[in-house]
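Participant: Pasting a structure here, questions to come.
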Amino acid sequence: MHPEYEEIKNLVEDNLLRFLPETESGSSILYDAMKYSLEAGGKRLRPVLLIASCRAAGGSYSDALPYACAIEFIHTYSLIHDDHPSMDNDDLRRGKPTNHKVFGDDMAILAGDGLLNSAMDVMFSDIARHADDGSETEKRIRAAREISASAGVRGMIAGQAADVRPELIRLDDAGKLRYIHRNKTGALIKAAAAAGALVGGADEDLLGRLSHYGEQIGIAFQIIDDILDVTGDTKLLGKNTGVDAELGKLTYPSLYGVEKSRALAEKATDEACRAVENIKDSEFLKFLALDLSDRIS
């Protein structure tokens, strides 16, 4: 692992529970359910990307940390709901039983809801702490709105809805696939890069470059995930494989085949690297893009 990736990842993991609101004793099971999924591990790609983008724009780890933890809360909530029996009905996530297998269907839904709400609380609290500084407040509001909008009904939730009911999308299969994955997976990854840039004080040119970088990483990430569902090992991935085919889902390999999907992932990765050429921390940002691609090499 790249030393900077490990440093940022450890920073995020050391602070996730610090930002998670404790519940009253009467609902301690809710806290336990949220904590269970937050501590299950994972790549922490989104918070790492957010902090790296903030640094590339001239900001600090401490500036970005509340938004990095908030975006990981949102990502974790989405996984809890995605694994639920009403969605993908999965029983394994990051090598552990999924939330509903441990805490029940009802508590898993509420844990996801709690993490989403907590993410908003974390961001609003940070904005309030900077209320006396207009420029600091403005960039934090823009970052929070970027994250909130990308997680919502014009972003991740829209993509999830389309993934569940693709027959309702009035597009051909290629259009449906792009729509689902641009929103379900790509929107929050792009938001991580954009929000980090905003908190770091990026100008509009740098914001555009980092947003495009995040968008292309999001495309590559989903293509690679689709390929690994076909070719990957359950023990190494920490989740069941073959799920997409079992559910009859529209994926890059089902539409284009594995080899063309690899080529599409490589193209998106190359474009991401070009987007951050000659900016601060470009070496690390390129590493993030190439490290994702290496998962299928």
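Participant: Which lysines have a Cα less than 24 Å from the Cα of K280, not counting those fewer than 8 places away in the same chain?
Facilitator: Output for K280: K9, K43, K139, K190, K267.
Participant: Run the helix sum for the chain: -39,500 (n - 2.57) per DSSP H stretch of 4+ residues, divided by residue count, reported at 222 nm to the nearest 500 deg cm²/dmol.
Facilitator: Helix-only estimate at 222 nm: -23000 deg cm²/dmol.
Participant: Hey, another quick one. At each listed q (0.15, 0.23 Å⁻¹), what is the log10 of I(q)/I(0) that the Debye formula gives for segment 1-112 modelled as equal alpha-carbon point scatterers?
Facilitator: Computed log10 I(q)/I(0) values: -0.67, -1.20.
Participant: Report the calculated FRET efficiency for V153 and K35 (r = Cβ-Cβ distance, R0 = 35 Å), to the nearest 0.05.
Facilitator: Calculated value: 0.80.
Participant: Would you mind calculating the relative contact order of the chain from Cα pairs under 8 angstrom and at least 6 residues apart, reporting the percent as a whole number?
Facilitator: 20
Participant: How many nm separate the modelled label positions at T231 and Y61, each set 7 Å beyond the Cα in the direction of the Cβ?
Facilitator: Between T231 and Y61, the label points sit 3.5 nm apart.
Participant: What distance in nm lies between label points placed 7 Å from Cα along the C-beta direction at R165 and A263?
Facilitator: Taking the two extended label points, one gets 3.6 nm.
Participant: Summing +1 for each Lys or Arg and -1 for each Asp or Glu, what net charge is found among the other residues whose Cβ lies under 15 Å from the Cβ of R129?
Facilitator: Net charge around R129: -4.
Participant: Amide H of L92 versus every other amide H placed in the peptide plane: which residues, excluding those fewer than 5 positions away on the same chain, fall under 5 Å?
Facilitator: T98, N240
Participant: With a 10 Å cut-off between alpha carbons and a GNM built on the chain, which of E271, E72, E259 moves the most?
Facilitator: E259
Participant: So how much slack lies between M120 and L255, counting 0.36 nm per residue of separation and subtracting their Cα-Cα distance, in nm?
Facilitator: So the extension gain works out to 44.9 nm.
Participant: Further, regarding this structure: Once the piece of chain linking R18 and L92 is laid out straight, how much longer is it, given 0.36 nm per residue of separation minus the C-alpha distance between them?
Facilitator: Answer, rounded to one decimal: 24.0 nm.
Participant: Which of these values of volume of the Cα convex hull per residue in Å³ was calculated from the structure shown: (i) 124; (ii) 159; (iii) 185?
Facilitator: Of the labelled values, this structure produces (i).
Participant: For S25 and E246, what is the calculated FRET efficiency with R₀ set at 35 Å and r taken between the beta-carbons, to the nearest 0.05?
Facilitator: Plugging the Cβ-Cβ distance into 1/(1 + (r/R0)^6) gives 0.25.
Participant: Measure off 7 Å from each Cα along the Cα-to-Cβ vector at E6 and R129, then give the distance between these two points in nanometres to one decimal.
Facilitator: Rounded to a tenth, the inter-label distance reads 2.8 nm.
Participant: Expected output is a single nm value to one decimal: the length gained when fully extending between D291 and D173, i.e. 0.36 nm times separation in residues minus the C-alpha distance. What is it?
Facilitator: That pair, D291 and D173, stretches by 39.6 nm at full extension.
Every read-out reported here was derived from the displayed coordinates using simple, explicitly stated rules and does not represent laboratory data. Here the structure is a predicted model, which is why all the values come from computation and not from measurement. Note that each Cβ is placed from the backbone with ideal geometry, even for glycine, and that neighbours are counted across all protein chains shown.
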